[in-house]
1. On a 31 Å Cα-Cα criterion, which of the cross-link pairs Lys75/Lys96; Lys35/Lys75; Lys37/Lys75; Lys37/Lys100 come out too long?
2. Quick check: residue separation of Asn78 and Lys41 times 0.36 nm, minus the Cα distance between them. What number comes out in nm?
3. Fewest Cβ neighbours within 10 Å first, please rank Ile80, Ile60 accordingly.
4. Which ³J(HN,Hα) values in Hz, rounded to whole numbers, follow from the phi angles of region 41-57 under the Karplus curve 6.51 cos²θ - 1.76 cosθ + 1.60, where θ = phi - 60° and Gly and Pro get x?
5. Applying 1/(1 + (r/R0)^6) with R0 = 25 Å to the Cβ-Cβ distance of Ala92 and Leu55, what FRET efficiency is obtained, to the nearest 0.05?
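What follows draws every value from the coordinates through simple rules; no lab data is involved. A quick note: this is a predicted structure, and the numbers were derived from the prediction, not measured. Cβ atoms come from the backbone with ideal geometry, glycine included; neighbour counts cover every protein chain shown.
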Amino acid sequence: MEDDQYEPEELPEEFFEDLAASDRGKDGESSGKRKVKVNFKDARTQYANFFTLTLRSGEIFLGFGQAAPPVKEVKIHNQIVMGARSAERLHAVLGKALRKQRGENDSD
């Protein structure tokens, strides 16, 4: 089975807005895109069919777990915390992936 990988090779400069100015390049200028290597070496993969979303102090908490009938309790096995900008990027990329999976044309 071949999976679509959403490993960015070139990310828009907006992904790096929070980096220090000293990390932006020798001349301080930006080309608009940066090459990034994505390393999954120590990443764990777990299936989730249940999630929670909590907003707290300007951050978004996403909890992931598994639920199977009969459900009396769902144990959250992973929780991801992100800021609003990261959540907006996740929303955009996830939406694009779902449209692709459904065979819809992307208007980007």
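1. On the way: Lys75/Lys96 29 Å; Lys35/Lys75 38 Å; Lys37/Lys75 33 Å; Lys37/Lys100 24 Å.
In this structure, Lys35/Lys75; Lys37/Lys75 exceed 31 Å between Cα atoms.
2. Values: separation 37, 0.36 × 37 = 13.32 nm, distance 1.81 nm.
Contour length minus Cα-Cα distance gives 11.5 nm.
3. Values: Ile80 13, Ile60 17.
With the fewest neighbours first, Ile80, Ile60 line up as Ile80, Ile60.
4. 3, 9, 6, 9, 10, 9, 7, 9, 10, 9, 8, 10, 9, 10, 9, 8, 6
5. On the way: r = 19 Å, r/R0 = 0.75.
Calculated value: 0.85.
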